[in-house]
Amino acid sequence: MKAGFTTTILHSDLESPIEHNAMHKPMHPAVAFGYPDAGDLVKVFQGLQPGYAYGRQGVPTTGALESKITKMEDGIGTVSFGTGMAAIGSTFTSLLRAGDHVVSSLFLFGNTNSVFGTLEGFGVEVTYVDATDAAAVEAALKPNTRMVFVETIANPRTQIADLLGIGELCHARGLLYVVDNTMTSPYLFRPKMVGASLVINSLTKHINGHGNALGGAVTDTGLFDWEKYPNILDAYKSAKPAMRGLTQIRKKGLRDMGASLSAENAHRIAIGAETLALRQTRSSDNALQLARLFAAHPKVSAVYYPGLENHPQHARAKSLFRSFGSLLSIELIDGIDPVKFLNELDLVVSSTHLGDNRTLAIPVATTIYFEMGAARRAQMGIADGLVRLSIGIEDPEDLLRDFNNALDAV
Ligand SMILES: *Cc1c(COP(=O)(O)O)cnc(C)c1O
């Protein structure tokens with residue numbers, strides 16, 4: 001990316017001519033694309049010529065968004081999906097086979113944890129480790145390890161993986177390194193900097209930010225040598241070596257499983273992305289102010305936020321991320337019911353979801369992390385009273401007042 005982050009997003013569509021000099025790539029909801037010369041259709045099918053054939057594998061509107069995400073992540077290509085989970089599930093099912101082994105962070109988005117459970121049923125072995133230390137990942141490696149998977153800032157306890165150490169390890173061992181960048185987004189952190197092979201983003205979260213469209217994406221950073229990856233099918237070995245991974249993800253994941261992003265949602269996400277940097281600067285600032293309020297408050301027994309000096313990975317976050325993000329979790333002192341506390345909040349909405357413009361709060365043990373059971377919650381450091389906050393872009397004084405009032409009332 002030569003221009004700055006926001007400039008690049010704003011001018012991406014204008015790189016190629018647009019009908020009527022429109023400022024945005026138009027929305028193309030077309031399902032099928034017709035070719036005057038049938039030979040061109042054949043070439044598009046065989047990947048010998050760029051173009052669109054059937055909407056399940058992409059339309060020009062998703063293509064325009066993919067090219068923005070590629071620039072944001074400084075990658076070589078992106079495949080978009082209807083949700084972040086579709087991007088994650090398709091990456092796994094496209095690239096893993098029965099008998100393969102995956103090392104994953106123990107601190108995972110709940111649904112990703114559940115997908116790994118499904119894969120185990122199909123014969124993929126998964127080892128969960130405390131990925132805040134690359135040595136734990138190294139100790140778990142086996143001869144059949146194919147992939148290492150981590151998130152940047154883990155939800156809800158904000159543990160930060162040893163992103164650089166794991167990158168060096170994966171590079172030395174030739175392992176596929178997959179990083180879920182949803183919590184940071186490419187504005188706060190580019191996983192390519194630490195050697196990630198594939199970067200996954202839920203576009204639903206910060207990148208769109210407005211809570212009005214689901215989407216997901218997988219970006220190839222160009223750092224991984226796909227010629228050495230044993231699970232590339234013969235049909236995709238004709239692709240340029242650098243593009244084999246994404247080609248297989250687009251065909252086996254997007255085309256075969258069909259979780260495609262609609263043109264309408266791609267357009268909404270592209271508009272949201274234009275203000276990603278502005279929104280995330282504001283939400284990170286708000287989160288830091290609130291974290292300091294909670295840290296000093298007698299009714300709060302624990303605050304988890306990477307921007308606080310006492311966070312175990314504060315130094316790592318400071319060195320890797322542009323700011324500390326909008327995810328914050330707190331525990332209230334014994335005897336305060338978290339549900340009562342949330343009901344005392346006036347502005348802040350009790351809701352799941354993250355990276356929204358509005359500030360959202362949820363007690364996690366009884367909701368998002370309920371299905372996995374108490375033992376796994378304990379392993380992940382999720383206390384029964386833990387409240388997760390996703391801080392938005394409201395005026396900071398309004399948020400400070402709302403939380404102060406609710407803490408006074410309980
Ligand atoms: C929300 C989220 C996902 C899933 O994204 P959806 O778009 O909701 O499917 C994946 N990973 C992380 C870290 C998330 O926060």
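Structural remarks
- Mean shadow area of the range 5-273, taken as a quarter of the surface of its Cα convex hull (nm²): 13.9
- Antiparallel beta bridges, as assigned by DSSP with both residues in the chain, represent about 55 percent of the total such bridges.
- More than 27 angstrom apart: percent of Cα pairs within the range 276-409: 16
- Taking 26 Å as the limit for the C-alpha separation, the pairs Lys71/Lys318; Lys68/Lys240; Lys205/Lys240; Lys205/Lys228; Lys2/Lys318 exceed it in the case of Lys205/Lys240; Lys205/Lys228.
- Charge-dipole axis of the chain as Lys and Arg at +1 and Asp and Glu at -1 on Cβ define it, positive-most pick from Gly174, Leu276, Gly325: Gly174
- Charge dipole (the chain, unit charges on Cβ, about Cα centre) - positive-most of Met85, Phe45, Pro306: Phe45
- Taking each DSSP H run with n ≥ 4 as -39500 (n - 2.57) and averaging over every residue of the chain yields -10500 deg cm²/dmol at 222 nm.
- Backbone N under 16 Å from the Lys299 label point (7 Å along Cα→Cβ), restricted to the range 310-337: 330-337
- Helical segments meeting 30 Å axial Cα length and Kyte-Doolittle 0.5 threshold in the chain (DSSP H): none
- Sorted by Cβ neighbour density within 10 Å, fewest at the top, the residues Phe149, Phe341: Phe341, Phe149
- Ranked list, fewest to most other Cβ atoms within 10 Å of each Cβ, for Asp402, Asp346: Asp346, Asp402
- Local electrostatic count, Val303, Cβ distance below 14 Å [Lys/Arg +1, Asp/Glu -1]: +2
- Ranking of Phe321, Phe403, Phe5 by count of other Cβ atoms within 10 Å, fewest first: Phe5, Phe321, Phe403
- A simple spin-label model places the labels of Thr6 and Thr366 4.1 nm from each other, with each point 7 Å out along Cα-to-Cβ.
- Test item: Cα-centred dipole of the range 276-409, Lys/Arg +1 and Asp/Glu -1 on Cβ, debye: 600
- The modelled label-to-label distance for the pair Glu125/Ala409, using points 7 Å beyond Cα in the direction of Cβ, is 5.3 nm.
Throughout, read-outs are computed from the coordinates displayed, never taken from laboratory work. The model shown is predicted, which means the values in this text are computed figures rather than measured ones. Glycine also receives a Cβ, built like all others from the backbone with ideal geometry; neighbour counts cover every protein chain displayed.
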